[in-house]
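Computed from the coordinates by the stated procedures, all read-outs in this text should not be read as laboratory data. Because the structure is predicted, anything quoted here is derived from the model rather than measured. Virtual Cβ from ideal backbone geometry, glycine too; neighbours counted across all protein chains shown.
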Amino acid sequence: MRYEDRTMMIRNARIAYPHLFEPRMNQNKTAEEYSCALILDPDEPSTEKLLELVEKVAIDRFGPKAPRLLENKRLKHPVHDGDEKEDDEAFAGKYYVNCKSRRQPEVVDQSVQPILDPDEVFGGCYVNVTVGLYAYDQEGGKGVGVGLNNVQLIEKGDRITGAKSAAEEFEALDDEGKKPGRTVVAKVPRKVKAKAKYEEEEEIEDSEEFEEEEEAPKPKTKARRPAKAKEVEDEDGEEEEEEEEAKGPPRPRFRRGK
């Protein structure tokens, strides 16, 4: 099948994930490639033409059974159902095809003037793209691929980033930065908590030791006898001795004679 018979123009497609000015490493990490995805309207005439061309290229390489093999996914079909990409609403209800090339595509505007600024063609723009289909049979599988040739910018559209918007990821907060009706409790780092707990335990131990010192009983001291009482006893003893001296020695006892 001649190359001219395998090429066509996809019209009014919406481009996504464009890498038209700088190549990137392919999934197999074997080479750097320029690439993009094209979101296709099922009702666009060029979409129907693309589906027919895929079958022709497959039959030319794999024989008359190729259409059935494509339908049974024994051959890889380049046109995919956009509803399978649930993470991006831009693909819902559409087809999409991935295009790639090792040669940098030419990118032009409506007047066919070159576009040199990469920011001029972003995901979400509407474009016309020339592509070349090819069949492959390699270790990764068999199927039909789509080569990227050149791109013409028709008009700019809403950006497709493949990421969620800020409105989808965040909630409205009040003037204090809190969610309405919800109290935000600041989290204290574990190290700070551990340090505070250690200091608190030390304070408790110190207070307990202080209380034990206050409650400890004072040692008992032996009471001394008052000096006056001793003097009184001495005086009494002296008086008793004087009385005994005044009485004199005891008189001898005589026995009466018989």
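Taking the mean number of other Cβ atoms within 10 Å as a proxy for protection, how do you rank 143-149, 117-123 from highest to lowest? Intermediate values should be presented prior to the final figure.
Numbers: 143-149: 21.6, 117-123: 14.0.
Packing proxy ranking, top to bottom: 143-149, 117-123.
Tell me the relative contact order for the stretch 3-160 as a rounded percent, counting alpha carbon contacts under 8 Å between residues six or more apart.
Working: 335 pairs, mean separation 48.6, N = 158.
Computed value for the stretch 3-160: 31 percent relative contact order.
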